[in-house]
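Participant: Below is one structure. I have some questions about it.
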Amino acid sequence: MFDRNTVIAFVLIVVIFIVWQLWWVQTAPPPKPQAVPVATDTLVTDTLGHATSTPSESTKIATIDTTAIVSDTIPERRIEITTDLYHAILSNRGGGIVQLQLKKYKHTDSSRVSLIPQGSQATPTLLSYGKSFSDKNLTYSITGDSSLQANGAQTQIVTFTATVAGKGQIVKEFVFYGDKYNFDVNLTINGTQQLGLEREYVLAWLPAIPPSEKNLIDDYSSYKGGVYLSGEMYKIDKFEQNRLKDDPSGSAQWAGSRSKYFAYAIIPKENLSTGASFRGEKSTETIAGLSHERRAISAGIVMPLGSQDNLTNKFTIFAGPLDSRVLKTYGVNLEDFIDWGWKIIRPFSYAVYWVVYQLYRIIPNYGFVIILAAILMKLVTYPLTKKSLMSMQAMKRLQPKMEELKVKFKSDPQKLNAAMMKLYKEEKVNPFGSCLLMLPQMPLMFGLYQVFRSTIEFRQAYFLGYWPDLSQPDPMPWVMPIIMTVAMFIQQKMSVTDPKQKMMVYIMPVIFFMMMKSLPVGLVLYWTCYSVLSIFETLNIRRQTAEMNPQVK
């Protein structure tokens, strides 16, 4: 029969295999950015992210055909906005942004990351909540130069005005800032009832965020909607039959959508919202013989109209990187959009992130920061590891006496257990010490994993000449995973003392290799350093134990 430690080891292997299957990813070349179609009642897009006029049967009665009120006398006009952080193009067709490229973030081919696919409709879009009115087909009038620039503390304002004959007027005023990843939208609506908006409306960002990462499976798996509702963050990613439709109600501080490293969020500035609206779709795409699941999620903030026929609402719209330091500046808990892990893990993730950032301020290379983080982790956990290894050595010392007790009480299990507990007490040995003392380390380990996997700081982070992107699998390939496997084997060989667990020395490093070879090389670098340090740690602790107990070999 297997002993307790062997059973525990097998359970851990099963858990690792499950985690491996959940996180295992393959690398495929990214397609040209384009949004996935989202065909739903309120937020509807075609393959290019254009809003379509295909309302459900329940909404057709109150439909206003906006194509019939487009002013043919107003030609399409576009305005370029360049700031320190992004380059945007606005169109008077729909009155909004049709292109938004981030200047400091690039694809692997050096092209800029874009948050709006090419050919998309203008965003944000004004929609009637529960009806099918949309301003997507309105051609707004616009004044000003065709090319504007804002640097530092400078601002630029672009105003769109659409007058719908016999119904009302819509004004969208955009305020752009030179040094911020946000712009403001001041929305004025005159004639809400005549326009068909009734009691509520939605300000929505319809185009899905294009993928930005080489590893498409990993990127799309991170696509989520998000809303900070009644003091709590909710992540929206529940698809049913490949469709997502979620309309959480309540006072929302913001609502948005994210990819792995980038996001947008619509934040009401003065008036309280009454909820949010999310629509999405999943589909399967095959590139270079590899299939992956694509996701698209659109988000909108729901605003009340009440009995007002004329109103003005102001919004801040963030569109940029999921950088915790940037998100915190908005003061609305946007940083919770980052995947910090389970609730119990988050404090450890925050602590790890803070330490990593402080180290980077001293040594501006995340590869060396990871090495330093592994050293600090070893220093922090050394007392626990020492007790664990010494407990294992003490158990080894007691093996002859335990075998004698097994022979003496082989026909009486109760007396055997009592005799063993007495022996442990006399020798001051905790039989569970080697396992229980490692448990406090687990939340910190998960926190490290979450930070290295999810935070944008490691995206395209350079380390030496061999690893240009610590957020991607080893491009060598597998040089770092092989080094890690060898280090793990040596460390396991030194620390495992029970002959019944000998096979684990060979199995565990192989399992870790299979699991880690497709994960970000930054994680592999950390675990490699941790394993190498564990070898020296084990040698030191064994030397101390041998000096204290010369009879233990």
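Readers should treat all values here as calculations from the given coordinates under stated rules, not as data from a laboratory. Keep in mind that this is a model prediction, so the values were computed, not measured. In this analysis, Cβ positions are derived from the backbone assuming ideal geometry, glycine residues included, and neighbour counts consider all displayed protein chains.
Participant: Could you run the Karplus curve 6.51 cos²θ - 1.76 cosθ + 1.60 with θ = phi - 60° over segment 209-221 and give me ³J(HN,Hα) per residue in whole Hz, x for Gly and Pro?
Facilitator: 5, x, x, 10, 10, 5, 8, 5, 4, 5, 5, 5, 5
Participant: Go through GLY306, PRO431, GLN399 and say which Cα lies farthest out towards the positive end of the charge dipole of segment 302-433; charges sit on Cβ, +1 for Lys and Arg, -1 for Asp and Glu.
Facilitator: So the residue we want is GLN399.
Participant: Towards the positive end of the charge dipole of segment 325-460, with charges on Cβ (+1 Lys, Arg; -1 Asp, Glu), say which of GLN414, THR455, LEU444 has the farthest Cα.
Facilitator: It is GLN414, whose Cα lies furthest towards the positive end.
Participant: Give me P(r) over segment 214-316, computed from all C-alpha to C-alpha distances, binned every 10 Å, as integer percentages.
Facilitator: All Cα pairs considered, the percentages come to 15, 40, 27, 13, 4, 1.
Participant: Based on Cβ point charges of +1 for Lys and Arg and -1 for Asp and Glu, what charge dipole magnitude is obtained for segment 146-304 about its Cα centre, in debye rounded to the nearest 20?
Facilitator: Using Cβ point charges on Lys, Arg, Asp and Glu, segment 146-304 gives about 140 debye.
Participant: Given N residues in segment 132-246, what is Rg(Cα) / (2.2 N^0.38 Å)?
Facilitator: Details: Rg = 18.5 Å, N = 115, 2.2 N^0.38 = 13.4 Å.
My calculation over the Cα atoms of segment 132-246 gives 1.39.
Participant: So, with +1 on the Cβ of K and R and -1 on the Cβ of D and E, and no other charges, what is the size of the charge dipole of segment 88-233 about its Cα centre, to the nearest 20 debye?
Facilitator: Details: 13 positive and 12 negative charges, 44 e Å.
I would put it at about 220 debye.
Participant: May I ask you to derive the FRET efficiency for ASN417 and PHE536 from their Cβ-Cβ distance with R0 = 41 Å, giving the value to the nearest 0.05? Walk me through the numbers before you get to the answer.
Facilitator: On the way: r = 38 Å, r/R0 = 0.93.
Approximately 0.60, to the nearest 0.05.
Participant: Could I ask something else about it? Average the reciprocal distances over every distinct pair of alpha-carbons in segment 193-236, invert the result, and give the Kirkwood radius in Å.
Facilitator: 13.8 Å
Participant: Two decimals is fine: what is log10 I(q)/I(0) at q = 0.13, 0.21, 0.27 Å⁻¹ for segment 195-264, from a Debye sum with one equal scatterer on every Cα and no solvent?
Facilitator: -0.46, -1.03, -1.33
Participant: OK, next. At what distance in nm do the modelled label points of SER141 and ASN271 sit from each other, each positioned 7 Å from its Cα along Cα→Cβ?
Facilitator: So the two model labels end up 2.4 nm from each other.
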